[in-house]
1. Based on the mean of other Cβ atoms within 10 Å per residue, sort peptides 13-24, 253-264, 300-311 so the most packed one is first.
2. In whole angstrom, note down how far apart the Cα centers of region 291-311 and region 195-245 are.
3. Spelling out what I want: for every residue of region 135-142, take phi, set θ = phi - 60°, compute 6.51 cos²θ - 1.76 cosθ + 1.60 (Karplus), and round to whole Hz; glycine and proline get x.
4. What are the ³J(HN,Hα) couplings of region 203-209, residue after residue, when phi is run through the Karplus curve with 6.51, -1.76, 1.60 and θ = phi - 60°? Round to Hz, x for glycine and proline.
5. With θ set to phi - 60° and the Karplus curve 6.51 cos²θ - 1.76 cosθ + 1.60, what are the ³J(HN,Hα) couplings of region 143-149 in order, to the nearest whole Hz, using x for Gly and Pro?
6. According to a simple spin-label model (label point 7 Å from Cα along Cα-to-Cβ), what is the distance in nm between LEU126 and LEU293?
7. Taking amide hydrogens as modeled 1.01 Å from N in the peptide plane, which residues meet the under 5 Å criterion relative to GLY150, leaving out close sequence neighbours?
8. So what's the net charge close to THR270: Lys and Arg +1, Asp and Glu -1, counting the other residues with Cβ under 13 Å from its Cβ?
Amino acid sequence: MKILGYAWAFSVAATVLYLFPAYSNWLYAVIAIIFGAPLAFLLAAQLRPQFMVDIKNIYFNSAWLAISFIFFEFSVFALSYRIIAPQWGDAVYLFSIISAAVLVGLLNADTAINALATFEIGGYSLGSIVRGLVVGSIMFFVAYVISGYGGLVEAPRQVIVGYLSNKLLQWEQVYEVITIFFLMLFFVAIPEEFLSRVFYLKLGSQVLDPYTAGMVMLATWYGLHAVTRWGLWGGDVALFIITLGGVVLGVAYMLYGYFAAIFAHATYNTLIYVWDYEAQGIFPQFSAAATALALIVLGFIYAYRNRVRML
């Protein structure tokens, strides 16, 4: 069963890279991240022993691999026909949300989520939330620097903000940053973190190992985001940033818990939107960089006052 599991895992990565092959140095760097960065998950697993648990139940192994394979086959079908039906990209995303919620519920992963949501022993999850805000802000600064270096600033909006770009512009009432944040939290961060971090990384580490599970997680993470970006001008730079962000979110989840991962994800996405809207003059009263810096400072003040380490 283990041999089949490893064969499946590496075939997932191979198929994703076949569907969205590298056509620039940025995407070759993405391939290096997919196969090299999971070493960081091995290191993090040493700090969080929960990720080293080896489930002996062969039926659980079979169910996890079978359900994952069905989901991935659906994704391959949808992506393959995107040339004549672009809406398949939305279908894959929506299917990911539904499958993540159902699978996590069926596998009773809420116990693991609650256990990982607290960093200090006997503490409250507020610490994980604050860490998420700080991690998301740092991710934004890294993306900001890489975007300028890679000439991404003038790229199409779909490359920068992705799936919800057109839908947000149609909602004329969305003018407040806090509204965008909660939209990112509940409609993007929570379902995507369920699928990528809880299902692929956490449960995958239990039936295989952290490295292989991390490779599958990053490959599918790259593939699902490539649906709306691969082949577009600037899309290779955006996919490099997104794949690198997947590594950061994975480590944040393993070290600080699920709350940290979803708040980091939502914070990063919100700052990207604010940055884009700021450039368009929609949010002239907000500065994404200043907001990110303020969140980082407040996070370290919180850590100092509560006598805990921030990161």
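No value in this document is a laboratory result; all are computed from the given coordinates. Model, not experiment: these values are computed from the prediction. Because the Cβ atoms are built from the backbone with ideal geometry, glycine has one as well, and the counts that use them run over all protein chains shown.
1. Those peptides, ordered most packed to least, come out 253-264, 13-24, 300-311.
2. Taking the Cα centre of each part, region 291-311 and region 195-245 sit 29 Å apart.
3. 4, x, 5, 5, 4, 4, 4, 5
4. Using θ = phi - 60°, the values come out as 5, x, 5, 6, 9, 10, 6 Hz.
5. For region 143-149, the Karplus-derived couplings read 5, 4, 5, 5, 4, x, 5 Hz, x marking Gly and Pro.
6. A separation of 2.7 nm, rounded to one decimal place.
7. none
8. Within the 13 Å Cβ shell, the charges total -3.
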